[in-house]
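Worksheet for the structure shown next.
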Amino acid sequence: MTGGERTTGIDRLGARTGAAHPRRRTRTHQEAPVRYGMNPHQSATLVGDGPAIRSGAPSMINYLDALNAFALVRELDELTGRPAAASFKHVSPAGAAVAGEVDAVARRLWNVEGVAPGSLLSAYVRARDADPKSSFGDVVALSRPVDRDTADFLRTVIADAVIAPGFDDGVLEVLSAKRGGRFLVFEADAAAVLPTRERREVAGVTLEQDRDTADLAAALPAGELSDAARTDALVGMATLRYTQSNSVAFVHEGAAIGVGAGQQNRVDCVRLAGEKTRTWWLRRHPLVDALPAVDGMRRQDRLNWQIRFAGREMTDRQLQEFTSLFGAEAAAPYDDLVWRREWVPRIGAVTMVSDGFLPFRDNVDHAAAAGARVIVEPGGSTRTDEVVAAAAEHGITHVQTGLRLFHH
């Protein structure tokens, strides 16, 4: 990564400079029209410099997703020294990950046999696989220049945009052709120095605050976690810094596999993130992984059926359709909870990170049920002693950072 100060803000990303691309390259200056605002009936304008637009015409939400997502992956890369990726939807990550081993189930599903554990592609596959139902039509953020393998993979998934700090030779042509030229390609400057203050206007009132530059690594007490758990804690903390609060993330081997975002109470965040984590792991169970192939079924449709089956979330009508597609034998274990209960504890090391303190012990009970072995939270609640005691009952390592990471 290019040097420079730690960059964790969301309000401005500089445009990358360099020779113009033979297709279309525009750079936004001062005030520039945006395709539309939050909704198509709202006009919008971009004020100031933004990332270079290499293809397509972004809306306001596209910009918000891209700017937040790139800030996240840039920080993950700086914290870990590994390529990072995020799959963003509606200004929160559906998944985020640093480069690492792609398990056998994901390699087969995404057709990436042979993907290198240290590659940029491995980071995005792991991020996309966290919650592929939510990642449908995502904004892809990558911390390193897009290589040909990653570009070829992006051609195969339903995504709306990509933001990255550069592109290898020939990659822009590949990406610009996606969706008949409507695929959005942003180029951000990884060396951009962000302002120390950020502003927001609501109902005619302008609010200004310091950009959140708290040192995440320094907030983790030394010596309390293994190197692997510490990496997972950093991935979770960085992910939540760019997730709509209240938020909780479950992290496994450098990938945020369950993100609960934007809930009005803490325990619902934990339950939502925990359910996503359980579903991610249950998709690896042989009963789910080995569902019969259905001629003509697209990968995303198969994924959606696996998620509904693993999470036990089908309506009666969907269960009938599932049975007609996959057969009565495949559908028979759907209501059986035993295999799910036996499989969940086998997930291994999982770290749960919370952007705010845990107010009651029920958060810990739900976290334990989803496989958490480490909990990282700010602490400081009037009931933190009860939370600590509950963690000890479950054999969970409890870490207090003293650092709240709200994001709105």
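Readers should treat all values here as calculations from the given coordinates under stated rules, not as data from a laboratory. Everything numeric in this text was worked out from a predicted model, so none of it was measured. Ideal geometry is used to build each Cβ from the backbone, glycine not excepted, and the neighbour counts take in all protein chains shown.
Quick look at the numbers
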item: Pair-distance profile P(r), taking every C-alpha pair of the stretch 259-352, with 10 angstrom steps and integer %; result: 15, 44, 30, 11, 0
item: Stretch gain in nm, segment ARG108-THR382, where the contour uses 0.36 nm per residue and the Cα spacing is subtracted; result: 93.9 nm
item: For the chain, share of DSSP beta bridges that run antiparallel, in % to the nearest 5; result: 70 percent
item: Estimated translational D of the stretch 181-322 in µm²/s (Stokes, Kirkwood radius over Cα pairs; 37 °C; 0.692 mPa s); result: 173 µm²/s
item: Fraction in percent of alpha-carbon pairs per bin - 10 Å, the chain; result: 5, 23, 31, 25, 13, 3, 0
item: Convex hull per residue volume in Å³, alpha carbons only, for the stretch 308-408; result: 140 Å³
item: Cβ-based exposure ranking for PHE309, PHE357, in which fewest neighbours within 10 Å come first; result: PHE357, PHE309
item: Diffusion constant of the stretch 304-362 at 25 °C, which comes from Stokes-Einstein with the Kirkwood Cα-pair radius and 0.890 mPa s, µm²/s; result: 174 µm²/s
item: Top of ARG308, ARG128, ARG82 by mean-square fluctuation, Gaussian network on the chain, Cα under 10 Å; result: ARG308
item: Straight-distance crosslink candidates among lysines, where the alpha carbon sits under 19 Å from LYS276 and sequence neighbours closer than 8 are dropped; result: LYS89, LYS133
item: Fewest-first ranking of TYR124, TYR242, TYR334, using other Cβ atoms within 10 Å as the exposure measure; result: TYR334, TYR242, TYR124
item: Cα extents of the stretch 213-408 along the three principal axes, largest first (Å); result: 53, 33, 32
item: 10 °C / 1.306 mPa s Stokes-Einstein diffusion coefficient of the stretch 122-268, Kirkwood radius on C-alpha pairs, µm²/s; result: 89 µm²/s
item: Hypothetical label at ARG211: residues of the stretch 241-280 whose amide nitrogen lies under 18 Å (7 Å Cα-Cβ projection); result: 241-243
item: Label-point separation in nm, ASP362 to ALA222, each point 7 Å along Cα→Cβ; result: 4.0 nm
